[in-house]
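Worksheet: one structure, shown below.
The values are calculated or read from the model by the stated rules, or taken from the named source; none is laboratory data. Small disclaimer: the values here were computed from a predicted structure and weren't measured. Note that each Cβ is placed from the backbone with ideal geometry, even for glycine, and that neighbours are counted across all protein chains shown. The area values use the complete protein model at the heavy-atom level, side chains included, leaving out ligands, DNA and RNA. Shrake-Rupley method; radii C 1.70, N 1.55, O 1.52, S 1.80 Å.
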Amino acid sequence: MNSSDSVDHDRLRECLQLAATARGHTSPNPMVGAVVVSTDGEVVGRGYHRRCGEPHAERLALTQAGAAASGGTLYVNIEPCCHHGRTPPCTEAVIAAGIERVVVSHLDPDRRVDGHGFEQLRDAGLDVRVGLLAEDAIELNAGYLTVKTAGRVSVTGKAALSLDGRMATRLRQSQWISGPDSRRYAHELRAEHDVVMVGVGTVLDDDPRLTARVEGGGRPRFRVVVDSTLRTPPDARMFSQGSDDIVIVTTDAAPPSARRALEAAGAQVLVAEADRVGRVDLGDAMHKLVGLGASTCLLEGGSALLTSAFDAGIIDRVVLFFAPVLIGGGDALPLWGGEGTAELGAAPRLRRRQYREFGSDRVIEGYLRLPPPFE
C-alpha cells in the first residue's frame, strides 16, 4: 500500500467510525460519515448523518470545512445522493464547494442514485475513486443495502445456547442460560436494531417485555411477535411498556375477535401471507416490515421461529451466546430443528467472524451472507 492509499484508507476508516455513531437511529436511511481534507492534507471538516430527515454527512462536513474545502478531497462511505428527497442532492453541494477528488467505499443501490451520483461528479470534472474498504462499509449498512437490493429487512438471528446447542430444557425453561454480562450485550443489540422479533411461543413461555434496557435509553423502533393464529394475550407483559410500537404479524386465518382484542390493547396487526402449513411466511413478513420504515431485525426466537427462518434462508447474520452448561435430552429445544442441512458441504458457514467473552460465556458473531458489493 503506497502512502496515498494509506491516507485514503485511514480517512475512510474515520468515515465508518463517524457513521457508526448513529447506529440504530438512521433507518430507513443508511449510516454515513464524511471527512473533508484540504489541499495541504489537513482534515477541515467532519460530519455524520444523525437521523432520517436531518442533514446528510457530506453537507455537514462541507459546511464545517467552508472555503478550505476548495481543491480538497471528500471521503464518504457511500455514494453521495443526487436526487431531491427530504434534503437537497449532496452532489450539488460537493461540486459547489470546489472539491476536486472524492473517495467512496461503494455505490448506493437506491434506484434514484445507483451510480448516477458518481456520474454527476465525474461529469463536473471530479476524480472519483470507488471500492476502498467496501466490505467493511457494506457490513455497516447491511440493513439499508438489503432493503434496497432484496426488498426485505436484514435479519440477525440471536440465541443463548448451552454447549450442546440447546435453547431450553425439555420443559421449555430457558431463563437464564446466559449470564448477566451477555444479557446486557443482548440489550445493546436490541437497541441497535429497528425490530426485535419473537414467536408467540416465546411470549407464552417467557412473557418478555422486548425492551432494550441500555444506558442512554435506546430502544428498538418495533417490538414484533409472529403469531399465525393470534394467541398473544392482550395483557402480556410487553403491553405494560406501552403499545404504540407493538406489531403482531399474523395470517388471514387468525380469528377476527382476537385481532380486535389486540388492536384494542394498542397493537398493530400486520397480515402476512401463510406458508404451505398455514404459518406466517417469514419471507413475506420481512418484506412487509420495510413498509414500516425498518431496515434491521433482531430475531430472538424461540426455537420454532428460528428454525423456520433458517429453513426459509432469510437469516443474514447470527449472534450466538454459548454458556458453560450442558442440557441434553432429545426433547430439549435446539437452535435449528426440523430436518436441517442434509449435506455437510451445503451447511452455511460464517463469514467475518468475531469472538467475544462476556463473563463465563463465549459469543460467536458472523454473517451467513452480506449484500453484494457494488463496485
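See the values below:
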item: Diffusion coefficient, µm² s⁻¹, Stokes-Einstein with Kirkwood Rh over alpha-carbon pairs of region 1-140 at 4 °C and 1.567 mPa s; result: 90 µm²/s
item: DSSP bridge pairs, the chain: antiparallel proportion in percent, nearest 5; result: 40 percent
item: Highest-MSF residue in the chain out of GLY199, GLY266, GLY329 [GNM, Cα springs under 10 Å]; result: GLY329
item: Beta bridge orientation in region 1-155: antiparallel %, DSSP, nearest 5; result: 50 percent
item: Heavy atoms of LEU16: accessible area, 1.4 Å probe, square angstrom to 10; result: 20 Å²
item: For region 163-223: Kirkwood Rh in Å [reciprocal of mean 1/r, alpha carbons]; result: 12.7 Å
item: Accessible carbon and sulfur surface of the chain relative to its total accessible area, %, 1.4 Å; result: 47 percent
item: Highest-MSF residue in the chain out of THR341, THR307, THR26 [GNM, Cα springs under 10 Å]; result: THR341
item: Area projected by the alpha carbon convex hull of region 219-335, averaged over all directions, nm²; result: 8.8 nm²
item: Exposure of LYS148 as accessible area (Å², to 10), given a probe of 1.4 Å and all protein chains; result: 80 Å²
item: Euclidean distance between Cα centres, region 296-353 to region 101-137, Å; result: 37 Å
item: Residue-normalised accessible area of region 117-246, expressed per residue, 1.4 Å probe, Å²; result: 42 Å²
item: Stretch gain in nm, segment SER240-ARG51, where the contour uses 0.36 nm per residue and the Cα spacing is subtracted; result: 65.3 nm
item: CYS90, CYS82, reordered so the largest accessible area comes first (probe 1.4 Å); result: CYS82, CYS90
item: Cα-based helix-to-principal-axis angle, 180-192 vs the chain, degrees rounded to 10; result: 60 degrees
item: Nearest 10 degrees, 0 to 90: helix 303-312 Cα axis against the chain principal axis; result: 50 degrees
item: Placed amide H near VAL102: partners under 5 Å, 5+ positions off or other chain; result: LEU74, ASP127, VAL128, ARG129
item: Loop-located GluC sites (Glu not before Pro) in region 163-259, at most 14 other Cβ atoms within 10 Å (DSSP); result: GLU215
item: Cα-Cα pairs of the chain separated by more than 33 Å (percent); result: 37 percent
item: Helix-only mean residue ellipticity at 222 nm for the chain, each DSSP H run of n ≥ 4 adding -39500 (n - 2.57), per residue, nearest 500; result: -8000 deg cm²/dmol
item: From phi via Karplus (6.51, -1.76, 1.60), per-residue ³J(HN,Hα) for region 98-115 in Hz, x at Gly/Pro; result: x, 4, 9, 9, 10, 10, 9, 6, 7, 6, 9, x, 3, 4, 7, 10, 6, x
item: Ordering of 112-124, 31-43 by packing [mean C-beta count within 10 Å, highest first]; result: 31-43, 112-124
